[in-house]
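The values are calculated or read from the model by the stated rules, or taken from the named source; none is laboratory data. Since this is a predicted model, take the numbers as computed values, not measurements. Positions of Cβ are generated from backbone atoms using ideal geometry, with glycine treated the same way; all protein chains shown enter the neighbour counts.
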């Protein structure tokens, strides 16, 4: 699988303390990674986007 499609996170993430955690990346960038299913962007220029996908782990850094 192309690495661009895998979740990544540079600004850290937060997770619930459940046995199977729900984690959210805190990155806000001008785009979401290509595999993000829930990308929300502002209409500003440049846009500020955040991937809202729920993961069960904190992804590796993007860079």
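Key figures
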| quantity | calculated |
| --- | --- |
| Segment 28-63 - residue that is closer than 11 Å to residue 7 by Cβ and not in a loop (DSSP other than H, G, I, E, B) and, of those, nearest to the chain's Cα centre (by Cα) | 51 |
| Test: residue in segment 39-46 that is crowded, with 16+ Cβ neighbours inside 10 Å and at pLDDT below 95 | no |
| Members of segment 3-25 found to be in a loop (DSSP other than H, G, I, E, B) and touching a residue at least 24 places away in the same chain (Cβ under 8 Å), listed by number | 6, 7, 8, 9, 10, 12, 20, 21, 22 |
